[in-house]
Every structure is written in C-alpha cells, then in structure tokens.
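Data block below; observations after.
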Amino acid sequence: MPALLDVHPAAWPQLFVDMGVAAFHGRNAARWVFQRGAHGWEEMTDLPADLRQRLQQEHPLATAKLLASSGAHDGAEKVLLEMHDGATVEAVGMPGTAGRTICLSTQVGCPVRCKFCASGLDGLGRNLSQGEILEQALWLQRQQGPFHRVVIMGMGEAGFNLDAVLGALDVLMDEEGFGMSARRITLSTVGPQGALARIAAWGRPITLALSLHATTDELRQQLLPGVSKRGIVETLDEADDLFAANGREYTIEYVLLEGINDALTQATELADLLFQRRCHVNLIPYNTVEEMDYTCPSRLVMETFAQRLQERGLSVTLRRSLGRQTDAACGQLRRRQRPPTRTSTEV
Ligand code: SF4
C-alpha cells in the first residue's frame, strides 16, 4: 500500500477496502486528517481501537520528525523537518492581515543553484513526494494553527517536480482535502522547459510567481545556473500563455542585489521587458546569507528602482522581508542545523 498522504483523499475509501476495512472508515479518516487536523491514528476516536492500532503499525500516517524551529520577532516561524531517509527540509508560517500564510518546500536542496540562495548551495538532493509536501502543511498547522494561504516558495524548484507538486496542490484545493480556494495558492518557479505549459494544461487558477531576478539572459544565467538554456523573453511569453489559460495575473519576483541588478538602467530594462504584460512586480530585498558575498541595496536605491518601474506604468511592491531575525533566507536553518540535533517528535 502506498503512503496515505501520497494518495488523493478521494481514493482513501478504496484503499481501506483493499485492506479489508469498510470504505466509510477511509472517508472518515480523510476528514480527520484534512478537515479536523488530526496528526495520528490515535486521535481518530470514532475509528475502532483495533483498526487504529493496525493502521499505526502498518501505515503510519506521516513520517516526518521535527528537528528544530526558529521564530522571529515579526511572527514568522520556520520548522526543520527530517524525512524518513534523513533528508531535511524547511517550511515556514508567516502571520498576515488576511491570516497565516505557509511556505512549503518541494525538493531537498535545489538544482537551480541560484548564487544568492542557501538552498541551492549543495545542488539537488532529491525530489519530495506529494505526501512529504503535504506533511509540511500538517506540521505547520499543528505547530502554529490554521493557515489561509499557501505559497510554494521554499526549498527546491517546483517546476522540476511537478507531479508531486500539482498532486499536493490538488489535495490542498479539493473538497475532500483542505478545501482551499485556488486563489489562495501561489506557485513560484523559474520557469524550466515545459513547466508553465504543464501548469496551464492543469488548468487550476492558482497564481504564478515567476522568479526573474535579471534583465538580460547573460546575467540571469550567471545568477541562476540551473536555467542556463532558457531565455527571459521566451519564459515571459509562456507566463503570458498561462495567464491566457487561467485568467490569473502573475507576479514577477526580483531579488535586489547591490551592484548586480539594482541599477536604474536595469529598472528601465525590466520595465521594457514587462511592457503590456499582465503582471505585478514584487521587489524582494536580499536576505543576507553568511556564505555569500551579496548585500542588500540601501532602502533609497530600492525605492528609486521601484519608482522607475511605477513611472513606466507597472504595479510594484517593495516587499518587507518577514523573518529577518532568525535564519530567514531559504535554506539557512537547514544549513545551520547540520549535522542535525535530534530532539524529534513524530506527527
Ligand atoms: S532561490 Fe529558489 S530556485 Fe533558486 S536555488 Fe533557491 S530554492 Fe532554488
């Protein structure tokens, strides 16, 4: 039998039948997990005790262990989870005026190896399964309470693991799962070959956050070595095709790096690239990573960059960075915790 979280909850009744158990117990178990926030079989008190015991022994609901958590004064809280094979991943919960947002990882490490990101320093470990992506949501819910938005912006490049990512999003959105609106879900990607077309064909109206970070192919290939064969204009055209398919304006993610991509001429180039495209620009102040030489531009430089984009008719946000206090940048807590300290708790 596959791990339960790797299976869409609509199929749980049949899985239970295959185990020789009545189908309604499968429906009931799915409700416990996705709608009532149960973390283990022992919590499902209306399942027969002998069935709960059997399920615990034969099919543990989730297998991740909590290795560490780190909070910041602004309320952002990051958790470090250890998977069944010892791989570690980060997930984050962030407060907001419209409720809590959770940020989930999709891979162990990352093959894109962005020069400014701690997650990419060691390249790709492996893909996460659908269940391992969902476990992060269950852990954050357990630690921090209900969530209202999901962003796929943690460790890894979602576009290189779309089977698991779209499967997890289906469970987040479907009635038998978490029942979230697609409009509360954002998927971040650098737009690898075929990824945006696949998301368009999938057809759910989630929001795309396209990580651009540069205005020329040459600079983008330097900063994001893992997308070296992709052109910026080609990638933006595919994002436009996705907008045509699902009707959702997309976001351009642009991390501001002092002396690298923060010049006014680059703001003008970015405005030219985005002219008449249905997108919003999200400027992200660089979050310092110890092992890297980059620095964040001054507030004045960032505001001037944003102003140039606005003058050219673009909608722009200069993002505040939640979690600046403690290991905030993607991948930092994970790196700081190696080798892991085992103060584990099981879901
Ligand atoms: S920024 Fe995103 S795509 Fe780039 S290395 Fe980090 S996790 Fe991967």
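The values are calculated or read from the model by the stated rules, or taken from the named source; none is laboratory data. Because the structure is predicted, anything quoted here is derived from the model rather than measured. Neighbour counts are summed over all protein chains in view; Cβ atoms, including those assigned to glycine, are modelled from backbone coordinates with ideal geometry.
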(request) Please tell me if PRO146 is in a loop (DSSP other than H, G, I, E, B), surrounded by fewer than 19 Cβ atoms within 10 Å (Cβ to Cβ) and modelled with pLDDT of 95 or more. (result) no
(request) Would you please list the contacts, defined by Cβ atoms under 8 Å and residues six or more apart or on different chains, that run from a residue in region 189-217 that is at positive phi to a residue that is crowded, with 17+ Cβ neighbours inside 10 Å and among the β-branched types (Val, Ile, Thr)? (result) GLY191/VAL227; GLY191/THR235; HIS213/VAL255
(message) Being farther than 23 Å from MET173 by Cα and β-branched (Val, Ile, Thr) is the requirement here; does VAL21 meet it?
(response) yes
(message) If I filter region 92-113 down to residues being within 13 Å of the ligand (Cβ to nearest atom) and either touching a Cys at 6+ places or on another chain (Cβ under 9 Å) or among the small types (Gly, Ala, Ser) (or both), which single residue comes out as nearest to VAL165 (Cα to Cα)?
(response) SER105
(request) Looking only at region 22-29, decide whether some residue is closer than 20 Å to GLY179 by Cβ, surrounded by fewer than 20 Cβ atoms within 10 Å (Cβ to Cβ) and not aromatic (Phe, Trp, Tyr). (result) yes
(request) Give the residue, chosen from VAL171, VAL165, VAL233, that is surrounded by fewer than 20 Cβ atoms within 10 Å (Cβ to Cβ), modelled with pLDDT of 95 or more and among the hydrophobic types (A, V, I, L, M, F, W, C). (result) VAL233
(message) I want to confirm something. Restricting to region 118-132 and keeping residues that are crowded, with 22+ Cβ neighbours inside 10 Å and within 13 Å of the ligand (Cβ to nearest atom), which single residue is farthest from LEU256 (Cα to Cα)?
(response) LEU128
(request) Confirm whether HIS39 is surrounded by fewer than 19 Cβ atoms within 10 Å (Cβ to Cβ), modelled with pLDDT under 90 and outside the structural domain of ILE152 (by TED's automatic domain parsing). (result) yes
(message) If I ask for residues that are touching a Lys or Arg at 6+ places or on another chain (Cβ under 9 Å) and over 14 Å from LEU55 (Cβ atoms), which ones from region 14-40 would you list?
(response) GLY37
(request) Would you tally the residues in region 144-173 being acidic (Asp, Glu), in contact (Cβ under 8 Å) with a residue 40 or more places away in the chain and more than 16 Å from the ligand (Cβ to nearest atom)? (result) 1
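Looking only at region 6-21, how many residues end up being exposed (fewer than 13 other Cβ atoms within 10 Å of the Cβ) and not in a helix (DSSP H, G or I)? Lay out the reasoning, then the answer.
Taking region 6-21 as the starting set, the residues that turn out to be exposed (fewer than 13 other Cβ atoms within 10 Å of the Cβ) are 14, 18, 20.
This time we only want the ones that are not in a helix (DSSP H, G or I), so: 20.
So the count comes out to 1.
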(message) I'd like to check which strands (runs of 3 or more DSSP E) are fully inside region 174-271 and have at least 3 residues that are within 16 Å of the ligand (Cβ to nearest atom) and among the hydrophobic types (A, V, I, L, M, F, W, C).
(response) 207-211, 250-256
